[in-house]
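**Student:** Structure incoming, see below.
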Amino acid sequence: MNLLKRYFLKNSIRIFSLFLFIVFMVVFTGCAKSELQEIIPSNYAEESHIYETLDKEKASINKEEKNKSEAIYDNQCQDSILAEEELLKYKANELGSVMILMYHQIGDTETEWMRTPQNFKRDLLKLYENDYRLISLLDYINGNMDIDAGKSPVVITFDDATRSQFNYIETNEGVKLDPDCAVAILEDFCSKHPDFGNAVTFYIYYPNPFRQEQYINTKLEFLIRNGYEIGNHTYDHVDLSKISDSDVIMELALHSGKTSEILPGYKVRSLALPYGQYPKDKDLLVQGSYMDYSYINEAVLLVGSNPAPSPFSSDFDYLSIPRIRASETMVENMGIYDWLDYLKKYPDRRYFSDGNINTITAPQELSQKFDKESAKARKVCFY
């Protein structure tokens, strides 16, 4: 007992210090816990309020952006003559493919490069019945396809200026148009179907286009007077890949110059490559001059293969415009009726007009294919 008493007295200070430490820790922990309980809810409430405010602001911004987006859509589409249901009905798609048909001769026997008068008439009727409407090549490349809503543009071209394309018959009653030549068939069909159009481009070469020398001037004047176009097919129908740069320029310039001599003021503005062959330097096709003659080409056409892209598409290349062979012989599933059937089966890949030359309309999913520079002053509508 005495030992215990002596031990307690000896260590009383340490025991008292330990007691005070325990009391202090209990009190401090309680206060700290109480203070922490007060601080956490306060900060959490404040933070929640901040995030709630931010969420509201974000929602407001999103709503404003949505309204702004809808306003842009409305502004873009308000000039369209079609309501939304009409856009869907007519399948307006001015980023779709355009058929540019390539013909050569019209004759009694159907061959790879010759179409009979009966088959040419059938082609025109089939195009018309399938809601295709004629436009000129130059209107195509400039995007001036002024046709009714729900209709598709089609471009018809003739290469080589053969007599079967434009032929006069001399009779006792005077000179008359051969009813079986291409021009006569076109004139007759368009007179019966005036909404079809008559803008065909003839790619001629010299020195004797259409093979009736005495009527060269008369024929070219007739074509221009009646809404047709004349295109460059070189002066001598030469393979441009086999001649020098200077001869390429000469061939193109002589053609353009000769045409302007016959038709003062008329400018040849497109070229169909003979044999589909490019010269070594493609840039020579764009413009050039030889002696007193010069030329500028806004379009260069290839030999027949597939439909051409819309002039508003990023795939459009004015130096490389494909055509479709207007034939049913040796076409390897790439002829006129093959593509007519294809575009009928896949109408979403076909150009359908919205009926307004001042707007460009297409489904929203094709917006990435749109070439903004091609719009110029036109309004754009994606739906």
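**Student:** Quick one: which residues, 5 or more positions from CYS381 or on another chain, have an amide H under 5 Å from its amide H? H modelled 1.01 Å from N in the peptide plane, none for Pro or chain starts.
**Tutor:** Those qualifying (amide H under 5 Å, at least 5 residues apart or on another chain) are ILE360, THR361, ALA362.
**Student:** Within the set LYS91/LYS126; LYS219/LYS258; LYS126/LYS369; LYS344/LYS376; LYS219/LYS267; LYS126/LYS192, which residue pairs have Cα atoms separated by over 22 Å?
**Tutor:** LYS126/LYS369; LYS344/LYS376
**Student:** Tell me which trypsin sites (Lys or Arg not before Pro) from segment 285-381 have a DSSP coil assignment and no more than 13 other beta carbons within 10 Å of their own.
**Tutor:** LYS376
**Student:** Compute the Kirkwood hydrodynamic radius of segment 231-362, taking the inverse of the mean of 1/r over all pairs of distinct Cα atoms, and give it in Å to one decimal.
**Tutor:** One over the average 1/r among Cα pairs gives 16.6 Å for segment 231-362.
**Student:** Nearest 5 percent is fine: what portion of the DSSP beta bridges confined to segment 259-371 is antiparallel?
**Tutor:** Antiparallel bridges make up about 45 percent of those DSSP assigns within segment 259-371.
**Student:** Moving to a separate point now. Relative to the present Cα-Cα distance, how much length would full extension add between ASN208 and ASP188 at 0.36 nm per residue of separation?
**Tutor:** 4.6 nm
**Student:** Using a Förster radius of 22 Å, what is the FRET efficiency between GLU112 and GLN277 based on their Cβ-Cβ separation? Nearest 0.05, please.
**Tutor:** The calculated FRET efficiency here is 0.75.
**Student:** Which FRET efficiency value, to the nearest 0.05, is calculated for LYS369 and ASP292 with the Förster distance at 25 angstrom and r the Cβ-Cβ distance?
**Tutor:** The computed FRET efficiency comes out at 0.05.
**Student:** How would you classify segment 311-353 from its alpha-carbon gyration tensor, with a ≥ b ≥ c the square roots of the eigenvalues: rounded for a/c under 1.5, else prolate if a/b is greater than b/c, otherwise oblate?
**Tutor:** Since a/c reaches 1.5 but b/c is at least a/b, the shape of segment 311-353 is classed as oblate.
**Student:** On each of the three principal axes of the Cα atoms of segment 176-297, give max minus min coordinate, whole Å, ordered largest first.
**Tutor:** Cα extents, longest axis first: 47, 26, 23 Å.
**Student:** Could you tell me which of rounded, prolate or oblate describes segment 157-199, using a ≥ b ≥ c as the square roots of the eigenvalues of the alpha-carbon gyration tensor, with rounded for a/c under 1.5 and, failing that, prolate when a/b is larger than b/c and oblate otherwise?
**Tutor:** It is oblate, given that a/c is not under 1.5 and a/b is not larger than b/c.
**Student:** Here's another thing I want to ask about it. What GluC sites (Glu not before Pro) in segment 108-185 are in a loop by DSSP, with at most 11 other Cβ atoms within 10 Å of the Cβ?
**Tutor:** When the GluC sites (Glu not before Pro) of segment 108-185 are filtered for loop state and at most 11 Cβ neighbours within 10 Å, GLU173 remain.
All of the numbers you see were taken from the coordinates with simple rules; none came from a lab. What you see is a predicted model; the values in this text were computed from it and never measured. Methodologically, a virtual Cβ is constructed for each residue, glycine included, from the backbone with ideal geometry; neighbour enumeration extends over all protein chains shown.
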